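The next block holds one structure in the form of structure tokens; read it before the comments.
The values are calculated or read from the model by the stated rules, or taken from the named source; none is laboratory data. Computed from a predicted model, the values in this text were never measured in an experiment. Positions of Cβ are generated from backbone atoms using ideal geometry, with glycine treated the same way; all protein chains shown enter the neighbour counts. Surface accessibility is based on the protein's heavy atoms, side chains included, excluding ligands, DNA and RNA. Shrake-Rupley method; radii C 1.70, N 1.55, O 1.52, S 1.80 Å.
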Amino acid sequence: MDVRLVPFGAEHLDAFAPMAEDPDALRFTRFPNPPEPGFPARWLARYDEGRRTGAKEAFAILGPNGDDTFYGVALAVAIDTEAREAELGYLTAPAARGRGVATAALRALTAWAFAERGLLRVTLLIDDDNKGSERVAQKAGYAREGLMRGMFLKPGRRGDMLLYAKLASDPA
């Protein structure tokens, strides 16, 4: 499936808000569980600040060719400009899962990181139980580098996380 990434803004909050309460998002992301009141707006404010400083970026995943269907978010969770690397992430709406949206978005996000930001290494942290996300990483050309045991995920929860990475020098 083809998708477009556009800078995430306030106009996307209404479509994003239900995703912040989705059981899989709460299980596999660092979103607070349960979500705090006003979480989507505070989340956007953190990414707006990160966009200003160059430390983060958030994109809305939209349909191709002017189709403004909101499919999810593609994120540069943490950008280290000095090291020229970043942690990336993605989250699709439940209705978009299993349709190739996440893979297409991750490919586009990775291309942006290398071409637009000049990064040399990008990583993904994937919950060891999230087999769908692991398949997305593999389809997008990421290599599994290992298992990080007992990582702090959020208050009251530690879990095993898989580390996937892609280098700018890797084959397309």
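What dipole magnitude, in Debye to the nearest 20, does segment 17-138 give about its Cα centre under +1 on Lys/Arg Cβ and -1 on Asp/Glu Cβ? Intermediate values should be presented prior to the final figure.
Values: 15 positive and 18 negative charges, 40 e Å.
My answer is approximately 200 debye.
Quick one: if the Förster radius is 45 Å, what FRET efficiency do residue 99 and residue 152 give, using the C-beta to C-beta distance and rounding to 0.05?
On the way: r = 32 Å, r/R0 = 0.71.
That gives a FRET efficiency of 0.90.
³J(HN,Hα) across segment 57-66 via Karplus (A = 6.51, B = -1.76, C = 1.60, θ = phi - 60°), whole Hz, x for Gly/Pro?
Each residue's phi maps through the Karplus curve to give 7, 10, 10, 7, 8, 10, x, x, 6, x Hz.
Apply the Karplus parameterisation 6.51 cos²θ - 1.76 cosθ + 1.60, with θ equal to phi minus 60°, to every residue of segment 4-15 and state each ³J(HN,Hα) to the nearest whole Hz, in sequence, with x for glycine and proline.
10, 9, 10, x, 6, x, 4, 5, 9, 4, 4, 6
Show log10 I(q)/I(0) for segment 1-134 at q = 0.10, 0.18, 0.20, 0.21 Å⁻¹, two decimals, from a solvent-free Debye sum over equal Cα scatterers.
Result of the Debye calculation: -0.30, -1.04, -1.30, -1.43.
Starting from the Cα of residue 65, step 7 Å along the direction of its Cβ; do the same at residue 53; then give the gap between the two resulting points in nm.
Placing both labels 7 Å beyond Cα along the Cβ direction yields 4.2 nm.
Using only the Cα atoms of segment 74-157, build the gyration tensor, take square roots of its eigenvalues as a ≥ b ≥ c, and label the shape rounded, prolate or oblate: rounded if a/c is under 1.5, else prolate if a/b is larger than b/c, else oblate.
Oblate.
Looking at 168, 43, 94, which one has the Cα that reaches farthest to the positive end of the dipole of the chain (charges on Cβ: Lys, Arg +1; Asp, Glu -1)?
Of 168, 43, 94, it is 168.
Over the chain, what is the relative contact order in percent, taking alpha-carbon pairs closer than 8 angstrom and at least six residues apart?
Taking the mean separation of contacting Cα pairs over the length of the chain, I get 19 percent.
What is the percent carbon and sulfur in the accessible area of the chain, measuring with a 1.4 Å probe over the protein chains and ignoring ligands?
Details: 4530 of 8730 Å².
Exposed carbon and sulfur together represent 52 percent of the surface.
Just from its helices, what would the mean residue ellipticity at 222 nm be for the chain, if runs of 4 or more DSSP H residues each count -39500 (n - 2.57) and the sum is divided by every residue, rounded to the nearest 500 deg cm²/dmol?
Values: 5 runs with 49 residues, N = 172.
Value at 222 nm, helices only, nearest 500: -8500 deg cm²/dmol.
Residues with amide H under 5 Å of residue 56's amide H, sequence separation 5 or more or different chain, H placed in the peptide plane at 1.01 Å from N; which?
51, 79
With θ set to phi - 60° and the Karplus curve 6.51 cos²θ - 1.76 cosθ + 1.60, what are the ³J(HN,Hα) couplings of segment 142-155 in order, to the nearest whole Hz, using x for Gly and Pro?
Values per residue, Gly and Pro as x: 7, 9, 6, 9, x, 10, 9, 7, x, 6, 6, 9, 6, x Hz.
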